[in-house]
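For reference, the structure discussed in these notes is given below.
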Amino acid sequence: MIRRLLIANRGEIALRVARTCRELGIEVVAVHSTADGDAPVLALADEAVCIGPPAAKESYLNIPNIVEAARQAGADAVHPGYGFLSEDPDFAEVCTANGLVFVGPDPEVMARLGNKAVVRGLMASAGLPLLPGTEDPVETVEDGERIAAEIGYPVIIKAAAGGGGRGMTVVPAASEFRAAYHATRASAHAVFRDSTVYLEKFLTGARHVEIQVLCDRHGNGIHLGERDCSVQRRHQKLVEEAPSTRLDAALRAEMGAAAVRGALSVGYSGAGTMEFLVDDGGRFYFMELNARIQVEHPVTEMVTGVDLVAEQIRVAGGAPLSLSQSEVEISGAAIECRINAEDPGLSFAPTPGVLERLDLPGGPWTRVDAGYLPGSRVSPYYDSLLAKVVVWGPDRPAALARMDRALTEIRVHGRGISTTAGFHRAVLRHPVFAAGEHTIHFVDEMLAGEMGTGGDPAQRHAGAGRQAADTMELLVDDATAVTA
């Protein structure tokens, strides 16, 4: 039994984990940098420990400081949240070596999953469908050019150690491959300290659909349906929903079974996400396995009623899953909008500052996971996520209406701070999204067609783009005015 758990993270995910710990009767140890001394999670914690200065590498990425904090506070387990050290096998191994239960897969499993090119091969062996690409690193630009020509353009170059939507470059033509290859390797080395890259065929007109899996250490695995994450910019997810408008019951069952099979084949345990691309013909292709809780996990919780963090903690403590596949029921529709402190009118540049006023929505079937309070400082040292607004409705139109209402309730004031709330309203009101016909190119096409940033949207979006142009400009301007 886990009785005292250290949360090795910050912001909304730290608060979210703390709340489940409280419900499970588990004591909470919260860590924080000197920049997060007013974090809301500290009020819920039984003990708070400062682990270093604002820079993440000196605090939230400082393994010795975190492990020592756990030892000094008498914690017997560590929950890594998402980001930071959540997929670091060295951190998991150090926790285990110091007698701490790591809430996640075993270190050796995590190490095996750390190279996404290797994972492609593992999933192919488990019978999951893959797009054409490489299972070994692409060592030279000449090899890459040859392989890309064989695969056929467009291709995507991916960092083998990548994650969180970073370390990927789409290459539309051979003339652009060489520059993209060198740029991706340089970026991968700077961000992940690993310049290894691999190639995949880039699937145009696809949907990004991920399957939530839960596995225990007794050989049991289940899936909890899908989340559609196709609304993204520069591979960063902005809006997530469940269920996907592209999946029917048969395809959902097929993808779910494949995801569980793939996870169990590598000895996975805990909560994980299998990410796929789905084409307009209903064919799906494995992309990657995320060995952690996802930012968008509340979407699944809203449609299934399952506390994913509670399941994570129980499994880490050695318990079997608390439910079987036949007990998983998906009800209604849920949507999540990530509200960031960013200015959509300035290419989504972060806008740090002090939150002089912060009014977040409430009401029926409306959940807000936030890591800030009025008076908190949005730091330039970390990501710009202010809050996740998640709603549920008996069907998708009801959920869309509820989210639109919720977004209108957001009021943020602070010198220089803007938010993406208005942009999200424009996305949800766009005829293509409202009809459930959007793809992974939707945001780029919408911005190009409606914000004057150049480029031509795809033909099937052109008419809807003209209809929504005035609304888009109004909402972005309104978002800046409200939050100035």
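Nothing in this text is a laboratory measurement; each read-out follows from the coordinates by a stated rule. Small disclaimer: the values here were computed from a predicted structure and weren't measured. Note that each Cβ is placed from the backbone with ideal geometry, even for glycine, and that neighbours are counted across all protein chains shown.
So between Ser326 and Tyr153, what do we pick up on full extension, going 0.36 nm a residue minus the alpha carbon distance? My answer for the length gained is 58.1 nm.
On the basis of the beta-carbon distance and an R0 of 45 Å, His189 and Met1 show a calculated FRET efficiency of 0.60. Placing a label point 7 Å from the Cα of Val354 along the Cα-to-Cβ line, the residues of region 373-402 whose backbone N sits under 17 Å from it are 373-380. Spacing of the modelled spin labels on Ala43 and Thr204, each 7 Å from Cα toward Cβ, amounts to 5.2 nm. For Glu27, the residues 5 or more places off, or on other chains, whose built amide H falls under 5 Å of its own are Arg4, Leu5. Indicate the gyration tensor shape class of the chain (rounded, prolate or oblate), computed on the Cα atoms with a ≥ b ≥ c the square roots of the eigenvalues: a/c under 1.5 is rounded; otherwise a/b larger than b/c is prolate and the rest oblate. Judged from the Cα gyration tensor, the chain comes out rounded (a/c under 1.5). Taken over the chain, lysine pairs spaced eight or more positions apart, or on distinct chains, with alpha carbons under 20 Å apart number 6. Local charge sum around Val239 (other residues, Cβ-Cβ under 10 Å, Lys/Arg +1, Asp/Glu -1)? After counting each charged neighbour, the total is -3. Rounded to the nearest 500, the helix-only mean residue ellipticity at 222 nm of the chain stands at -11000 deg cm²/dmol, with each DSSP H run of n ≥ 4 adding -39,500 (n - 2.57).
Dividing the Cα radius of gyration of region 274-348 by 2.2 N^0.38 Å, with N the residue count, gives 1.45.
Consider a paramagnetic label point 7 Å from the Cα of Glu58 along Cα→Cβ; state which residues of region 65-81 have an amide N under 16 Å from it. It comes to 65-66, nothing else. Model label sites at Ser265 and Ser175, defined 7 Å from Cα along the beta-carbon direction, differ in position by 4.0 nm. Take every Cα pair under 8 Å whose residues are at least 6 apart in sequence, average their separation, divide by the length of the chain, and the relative contact order is 13 percent. Just how many % of Cα pairs in region 145-242 lie over 20 Å apart, if you round to the nearest whole percent? Distances greater than 20 Å cover 50 percent of the Cα pairs. Our summary of shape: the Cα atoms of region 194-245 have principal axis extents of 37, 33, 18 Å, ordered from largest down, in whole angstrom. Overall, region 207-483 carries a charge dipole of about 380 debye about its Cα centre when +1 sits on the Cβ of Lys and Arg and -1 on the Cβ of Asp and Glu, all other atoms neutral. Assuming charge only on the beta carbon of Lys and Arg (+1) and of Asp and Glu (-1), the dipole of region 336-458 about its Cα centre is about 520 debye to the nearest 20. Remark: region 4-103 carries a charge dipole of roughly 160 debye about the Cα centre, counting +1 on each Lys and Arg Cβ and -1 on each Asp and Glu Cβ. The P(r) of region 5-119 has a tail past 20 Å containing 36 percent of all C-alpha pairs.
With Cβ to Cβ distances under 14 Å as the rule, what net charge do the other residues near Ile147 carry (K, R +1; D, E -1)? Every neighbour counted, the sum reads -3.
For region 132-201, a/c is not less than 1.5, where a ≥ b ≥ c are the root eigenvalues of the C-alpha gyration tensor, and a/b tops b/c. That puts it in the prolate class. Annotation: for a label point projected 7 angstrom from Cα along Cα→Cβ of Glu135, residues of region 202-230 with backbone N closer than 20 Å are 202.
Length available on full extension from Arg415 to Arg234: 0.36 nm per residue minus the Cα-Cα distance, which gives 62.4 nm. Subtracting the Cα-Cα distance of Asp248 and Arg146 from 0.36 nm times their residue separation leaves 32.9 nm of extension gain.
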